[in-house]
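Trainee: Got a structure for you, written out below as structure tokens; questions coming shortly.
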Amino acid sequence: MEIGVLSEFLMLHLRRLQVMIPDPFPLENLWSLRTFRNDSAVTEASEAIQGKASTNDPEAPPALLAGFRPVGRFLSAKYHAGTADSGEDLRPGASATWTKQAPYRFTFAQNCLFSVHPAATFLAELEGVDRHQDLPRLHSCLGVQNAVRLTLSEPLDAALRYSFRLAVANPALPHPGDWPFAQNLWRFESLLDGIVLDAAEVKAFFLWSFTRSLIEPFVMGAGEQGVVSIELTPSLTLPPNGSLIINAPPGFLLPAEPCEGFEPDTGLAALPATSCERGSGGGIQLQLDDSSFIAAGSLVRFKLGVINPAVASAAEDWSVASVEQTELGEAFLEQNPAVTGYPVHLQIASFSLQPSSQHAGAESTIRFEFSLPEELGVFQVVSSTQESFIVLDMPPFFTVPTTSGQKSPSPFAAHFQAVNILLMERCAHFERISPDVQFFPVEANACLAQPGANSFRLRLSGKLDVGPSYVFDVMVSNPALTALRQKEIIQANYWQLRLVRHRDNVDYPAVAGRSTRGFQLLPLLQDTTITALVAPLPVQLLSLVRVAFRPVTALRAGDALRLSPPASILPLSEQCSVSDTGLPVDSVCGVDESGIFIRLQGNALVLGDSHVLAEVQINSGPLPLSIEENRWDITTLNALNITLDEAPNIQGFMIFPRLEATVIPKDLTSLSFANHADFIFSSPIPLPLGSSLHIEAPSGFRLYARTFAPQAPLPAVEAQQLNEAEVLVVLLAAVPRSQQQVFRLTIGNPAVSPPVNLWKLEVRNQNNTLALDRAIAGFLVRSSFNISYLEADVDEPLAENYIHVAVAVSQNLYADASGRSHQCTSQDKLCVFATWLEVVAPEGFTFQKTCGYWVLSRAGSPHRALPPGSLCLADSEQANIARVHLSLSLTAFTIYEFTLQVRNALSVPLENSWEIRAVQDVRHRRYRDQTLEEEGVARERDLVDGFPLRQMRSVRVTPVTTLAGAVDNTVTALLRSTRPVTPGSSVTVAAPEGVTVASSFKQDRAPLILQDLIDQATPSGAAIRFYVSLLGSEVMEKSSQIQFHSTDLEHGMHGKRRLILMLGHQDYVAPNTFFYVSSRVRNPPATPASNYWYFYVQSQFQEHIDLRKFFPGFLISYRMPFFQVYPNNVPWELGTANDLSHLFKRTNVSMAAAACGTIWFHFSHEPWCSDFQRWGGKDSYDQLPDDESLNCQIGNANAAVINVPTTFVNETRYSFRLNVTVAALQEDVALQQPWTLTVLENGEILHIGESPSPLLGTYYEARWFYVPGQEPNLFRDMSCIAPPTLQTTVNPDSEL
């Protein structure tokens, strides 16, 4: 047995040994003792102890020592557990009654005669059996510490069971760990005249105290603030609302307002929900809430902030106790009043560190710098029996690489005292920086570290002086972070330098040291992968990119994920999503110069170490990329855009060159199997011999490899059929780059176009993709219902209506309950395919959420009803779409008729068509309680004519002039409604685009033109006055008061195009009564593309009365560049006839032309024009087109109408000749009035030309040659031309 060095002579040394007593006991019970010294063979035998002279002879036999004699064993010895009623209390420091002698640190009363009580009756009540005897009368009872002696007045009988109870004081301090006997071991013996007769050992009980209590410091310098880690294992369960009380030794300060540094453990030893506050005794009290508890035997670990004493001190004990809440207040359960603490050492002058890299998982060279304080003086290497070290304690999980390269399976925390130098290895990198090597008291190979430990040390070979700063570099392995590791490091991010002396695998308390806060590690995103959902991916193609990773730092609302692809890849923000372990996370995405970012919003929360999946949309860009070239940077940011985690230079996916390909079909008919298509492509790279073309058609199409026909310059090929939709073509010769190639392939069209109508053409070489185009635009297949129509019951706007829909499919339409029923599974959702009949109404019509009162069969219909169990739902975003989910399949060529309830729109659009679609394989995606739909395959579709809605009964718009750009034009609208127009009502007038409405116009009376509209009588509503209410920008500002239900009117209408006219509060328009509204307008320079007027009548409460939309406006007319009346015979005398040539130039196509003379120029008294010729006789002018429809008719005495075909050519000069007779009297001829030529189309004035009246009775030659750019004559009179919408002339007194 090695006992070390005994520095003092003639001292009593005690060593305890545990031995097993043999059975049978030896007859000679002799013991021997001999001591040896390592440096000599001199021995000291036991004779010296017996008073004999010692000898230095190593061969001398040792003397023998007398041992102990054996004693008998009691026949029975047993401890009986008591109860609280019996007075038994196992709490430390309490009093109890016992039947045996006590272990170490228990205390008996010195005069314990009154502490002994009989136990036979008590045990009989406990066990239910009367088999014990009480002790005879006692003579005395003497207690000395943990031993008690009972002196009996009467002898004890053999074979009888005696029992008694004895009071004892429980120890306040825990049982020492180095005591040779356990705490629950009690021993007693019987003596007679000082000789032991019988003995026994009984295992009784353990006191209630923590099974484990440990305090580990992270900062040990005097006056420094840090944290301590506390580990506890209670022997009793701490119930809800119970507390843990921690008290530090004097001089230590535990901050409690608030509890700085208090952090529960992040692992399995986490402390339950706990509040931290100052305890009644000055310590820290950690109280559980009403739903938490600490089970007996479970390990809990937590950290507390602590401020060390200002002066150095030896290790002192801490105390830990558990307290439960009782009706009488707090009661201790268990306590450890002597938990070993840690020593506090002197602070050195300075200590700092600077890492070369802060990335987690990387190896970093850290530069350390420290200096000694003056009060410490020189740190000497004192003796050869003790080694001196500079010890560096690092935060958890940091390690130092060693020269052997051996790594521990998992990092562990090094103990600050117990150290085994033999397990350490040389550091992989250690460099002395300052001072110079000869003054640095550490050898080059003196850096030692145990693999996996968070500590390393430098062995000193000389003294450390006061004054210089010692600087050195050591390579350290930064830990790879997880969320739990990151939290543990943040809780104890302290680096500590200690100057210690070491002997016998123990570091003695540090002489001096100092700690500093560590640097923040930049976590790396774990398990990061980047995948393109479109694979293989060519250039210039849209694709979703899936990014999977595990974050270290938790993300909350406001935090963001940034994805930075290569510069050639274009990120898009149209589609992005984030999911956490399969559940969607509320987020919004955007694009900036660094890439695409996804910012969390709402109540989003992504915990650390969770599996995150982000999907973003990109355009693969113009450049092909290899896997090595396609590198992404992924970063998580907080709300202030500060980096949290990152994953730089992550390998992406390959982007291939793109083929320029086109598909040109011959036939678009559905189910056509006699169709062929020409495929045209060119490759951006040369294609070597043996390359193959892989052609893949969209779903439903069929390819036929046998009819593959290459065209020059495509070389010889060999086509193979892979499946119905795929063909493989092997090139038997090389193909140069950028050369256009053409081949023809027979295809079979599907019944309907697939939803994803894209062809794919890929070039491979030995199964490696060279180039491809997977987004070749396909062609639409014509498909429709066999029969489809729609009827309605009600035509009232905004009323509830019932529509009756009838369809007959051309092919069997399979429902999801038969035929095509199947499921597709993925990691986070279940996909189900469904079949719908969709009814798409014009905008403004509204279906209820469940289609209202809808029925499977129209009442009284001879046609078949929809299958029972079908459901109807309106679209959640577009209320004008109703979907009938079919429960059973529909048979081809069978008419099904059903009824839906719909609310009518305010009005129908210009193209009043409803769309009916048969949609199959609608995919549902279900997230929690939300169902999302994707587009299916439209098997058949038709546009059917809609039904009209009630509009204003009569509308007529009449302008004073239709001339382009006319400033002072008056437009009058004659209206008649089947509904009464109540006082205070308004009429909203919206003019076509380009027409400007003036607000200064006041209508004092009905225009004269309206007096001829209704049987030559004034309209019944002509006396009703309207006044201007809102105009132009005012309408836009108060648009909330006006209900415009057409997007044609809501969008694109700017400027002064709207006018609201208010009916006086004393006026009233009866049903079916004509009334008018007028306004002064400015005509646009050309006829508007959308030439429609809008009239809306509303009550004073903005209630709908009547409406007329899309009422055709008048065409804008133009002045002719040139028109001249040329008399062929001069002079022209009064009362004679003459042939007049009409020369003109126009710009637009027309249907008819009218010529007017001045008053009393007569064309003819016959219905047909006299001597009409289609050429005027001038060579520079073309003749009118020769056609059967060309004719000339007399309109009145001074007007003729020429009907011409629509074959006029723009910018062409035309002429024609008419015979005209002049009046006989000079006063009957108005020579000051011009001749006019009007070009009309469909009764609308298109062009107007003016010419001076020919001169009479004189020789002259009229101007007939047209000079481009000359201004036309000013328009003065239109007396012979009726307004464009009227069939009568303006002057009714003209002679016919």
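The values are calculated or read from the model by the stated rules, or taken from the named source; none is laboratory data. The structure presented is a predicted model; accordingly, all values stated were derived computationally and were not measured. Reconstructed Cβ throughout: ideal geometry from the backbone, glycine too, with neighbour counts over all protein chains shown. We work out accessible area using only protein heavy atoms, side chains counted, and drop any ligands, DNA or RNA first. Shrake-Rupley method; radii C 1.70, N 1.55, O 1.52, S 1.80 Å.
Trainee: So LEU640 fits all but one of (1) under 20 Å from GLN711 (Cβ atoms); (2) surrounded by fewer than 14 Cβ atoms within 10 Å (Cβ to Cβ); what number is the exception?
Mentor: Result: LEU640 fails condition (1) only.
Trainee: Okay, moving on. Tell me yes or no: at least one residue of region 650-657 is within 24 Å of LEU533 (Cβ to Cβ), modelled with pLDDT of 85 or more, open to solvent by 50 Å² or more (accessible area, probe 1.4 Å) and not aromatic (Phe, Trp, Tyr).
Mentor: yes
Trainee: Suppose we filter region 242-269 for residues that are more than 30 Å from ALA314 (Cβ to Cβ) and either surrounded by 16 or more Cβ atoms within 10 Å (Cβ to Cβ) or of a type in the set (Ser, Thr, Tyr) (or both); how many remain?
Mentor: 3
Trainee: Can you say whether ILE433 is β-branched (Val, Ile, Thr) and closer than 14 Å to MET475 by Cα, as far as the supplied structure shows?
Mentor: yes
Trainee: Show me the strands (runs of 3 or more DSSP E) found entirely inside region 1016-1114 where at least 1 residues are modelled with pLDDT under 85.
Mentor: 1026-1031, 1058-1063, 1073-1082
Trainee: For region 1129-1146, state whether one or more residues are part of a strand (DSSP E or B), open to solvent by less than 50 Å² (accessible area, probe 1.4 Å), modelled with pLDDT of 85 or more and on the phi < 0 side of the Ramachandran plot.
Mentor: no
Trainee: When you scan region 508-525, how many residues do you find that are over 23 Å from SER352 (Cα atoms) and open to solvent by less than 40 Å² (accessible area, probe 1.4 Å)?
Mentor: 1
Trainee: Taking the conditions exactly as written (open to solvent by 60 Å² or more (accessible area, probe 1.4 Å), among the hydroxyl-bearing types (Ser, Thr, Tyr) and outside any strand (DSSP E or B)), does SER753 satisfy them or not?
Mentor: When the stated conditions are applied, SER753 does not pass them.
Trainee: Looking at LEU214, LEU191, LEU166, which one is within 21 Å of VAL320 (Cβ to Cβ) and assigned to a strand (DSSP E or B)?
Mentor: LEU214
Trainee: Quick check on my filter: what residues within region 1073-1095 are open to solvent by less than 30 Å² (accessible area, probe 1.4 Å) and in contact with a helix residue (DSSP H, G or I) (Cβ under 8 Å, 6 or more places away or on another chain)?
Mentor: TYR1076, TYR1094
Trainee: Condition first: in a strand (DSSP E or B), open to solvent by 50 Å² or more (accessible area, probe 1.4 Å) and of a type outside the set (Lys, Arg). Now tell me which residues in region 681-740 satisfy that.
Mentor: Result: GLU696, TYR704, THR707, PRO710, GLN711, GLU718, GLN720, GLN721, LEU722, ASN723.
Trainee: Please work out which one of (1) under 14 Å from the mean Cα position of the chain (by Cα); (2) at pLDDT 90 or above is the condition SER573 fails and give its number.
Mentor: Against the list (1) under 14 Å from the mean Cα position of the chain (by Cα); (2) at pLDDT 90 or above, SER573 comes up short only on (2).
Trainee: List, please: which pairs have Cβ atoms under 8 Å, are six or more places apart or on different chains, and start with a residue in region 200-212 that is polar (S, T, N, Q) and end with one that is part of a strand (DSSP E or B) and surrounded by 18 or more Cβ atoms within 10 Å (Cβ to Cβ)?
Mentor: Between residues of region 200-212 that are polar (S, T, N, Q) and residues that are part of a strand (DSSP E or B) and surrounded by 18 or more Cβ atoms within 10 Å (Cβ to Cβ), the close pairs are SER209/GLU334; SER209/GLN335; SER209/ASN336.
Trainee: Residues that are touching a strand residue (DSSP E or B) at 6+ places or on another chain (Cβ under 8 Å), open to solvent by 20 Å² or more (accessible area, probe 1.4 Å) and at pLDDT 85 or above, at least 2 per element: which strands (runs of 3 or more DSSP E) completely within region 930-984 meet that?
Mentor: In region 930-984, the matching strands (runs of 3 or more DSSP E) lie at 937-945, 954-959, 969-977.
Trainee: Within region 775-783, does at least one residue satisfy the condition of being buried (at least 16 other Cβ atoms within 10 Å of the Cβ), touching a residue at least 60 places away in the same chain (Cβ under 8 Å), in a loop (DSSP other than H, G, I, E, B) and polar (S, T, N, Q)?
Mentor: Checked against the condition, which is being buried (at least 16 other Cβ atoms within 10 Å of the Cβ), touching a residue at least 60 places away in the same chain (Cβ under 8 Å), in a loop (DSSP other than H, G, I, E, B) and polar (S, T, N, Q), region 775-783 yields at least one hit.
Trainee: Another question, then. Failed condition for GLY194, given (1) open to solvent by less than 80 Å² (accessible area, probe 1.4 Å); (2) touching a residue at least 24 places away in the same chain (Cβ under 8 Å); (3) not hydrophobic (A, V, I, L, M, F, W, C), with all others met?
Mentor: (2)
Trainee: Can you tell me which condition LEU798 does not meet? The list is (1) more than 25 Å from VAL534 (Cα to Cα); (2) in a strand (DSSP E or B), and all the others hold.
Mentor: Tallying (1) more than 25 Å from VAL534 (Cα to Cα); (2) in a strand (DSSP E or B), LEU798 fails exactly one: (2).
Trainee: Among the listed residues ASP678, ASP645, identify the single one that is in contact with a strand residue (DSSP E or B) (Cβ under 8 Å, 6 or more places away or on another chain), surrounded by 19 or more Cβ atoms within 10 Å (Cβ to Cβ) and among the acidic types (Asp, Glu).
Mentor: So the residue among ASP678, ASP645 that is in contact with a strand residue (DSSP E or B) (Cβ under 8 Å, 6 or more places away or on another chain), surrounded by 19 or more Cβ atoms within 10 Å (Cβ to Cβ) and among the acidic types (Asp, Glu) is ASP645.
Trainee: Here's something else I'd like to know. Any idea how many residues of region 592-637 are open to solvent by less than 40 Å² (accessible area, probe 1.4 Å), closer than 25 Å to VAL552 by Cα and more than 14 Å from the chain's Cα centre (by Cα)?
Mentor: Residues meeting the conditions: 8.
Trainee: Suppose the filter is within 37 Å of the chain's Cα centre (by Cα) and in a strand (DSSP E or B); does VAL763 pass it?
Mentor: yes
Trainee: Here are some conditions: (1) under 50 Å from the mean Cα position of the chain (by Cα); (2) at pLDDT below 90. CYS427 meets all but one. Which one does it not meet?
Mentor: Failed condition: (2).
Trainee: So which residues in region 393-407 are open to solvent by less than 30 Å² (accessible area, probe 1.4 Å), under 12 Å from HIS429 (Cα atoms) and part of a loop (DSSP other than H, G, I, E, B)?
Mentor: VAL400, PRO401
Trainee: Does region 533-543 hold any residues that are open to solvent by less than 40 Å² (accessible area, probe 1.4 Å), hydrophobic (A, V, I, L, M, F, W, C) and out of contact with any Gly (no Cβ under 8 Å at 6 or more places or on another chain), and which are they?
Mentor: Residues satisfying the conditions are VAL534, LEU537, LEU541.
Trainee: Still on this model: Do you know which residues across region 368-400 are among the hydroxyl-bearing types (Ser, Thr, Tyr) and more than 49 Å from the chain's Cα centre (by Cα)?
Mentor: Across region 368-400, the qualifying residues are SER371, SER383, SER384, THR385, SER388.
Trainee: Provide a single number: the residues in region 1233-1250 that are open to solvent by 20 Å² or more (accessible area, probe 1.4 Å), assigned to a loop (DSSP other than H, G, I, E, B) and in contact (Cβ under 8 Å) with a residue 60 or more places away in the chain.
Mentor: Result for region 1233-1250: 2.
Trainee: When the residues of region 784-795 are filtered to those that are in a loop (DSSP other than H, G, I, E, B) and of a type outside the set (A, V, I, L, M, F, W, C), which remaining residue is nearest to LEU943 (Cα to Cα)?
Mentor: SER784
Trainee: If I filter region 483-496 for residues that are modelled with pLDDT under 90 and over 49 Å from the mean Cα position of the chain (by Cα), do I get at least one hit?
Mentor: no
Trainee: Every residue in region 414-432 that is aliphatic (A, V, I, L, M) and either in contact with a Lys or Arg (Cβ under 7 Å, 6 or more places away or on another chain) or open to solvent by 70 Å² or more (accessible area, probe 1.4 Å) (or both), please.
Mentor: Hits for region 414-432 are LEU422, LEU423.
Trainee: Can you tell me which residue is least open to solvent (accessible area, probe 1.4 Å) among those in region 115-147 that are among the hydrophobic types (A, V, I, L, M, F, W, C) and modelled with pLDDT of 80 or more?
Mentor: Going through the qualifying residues, I end up with CYS141.
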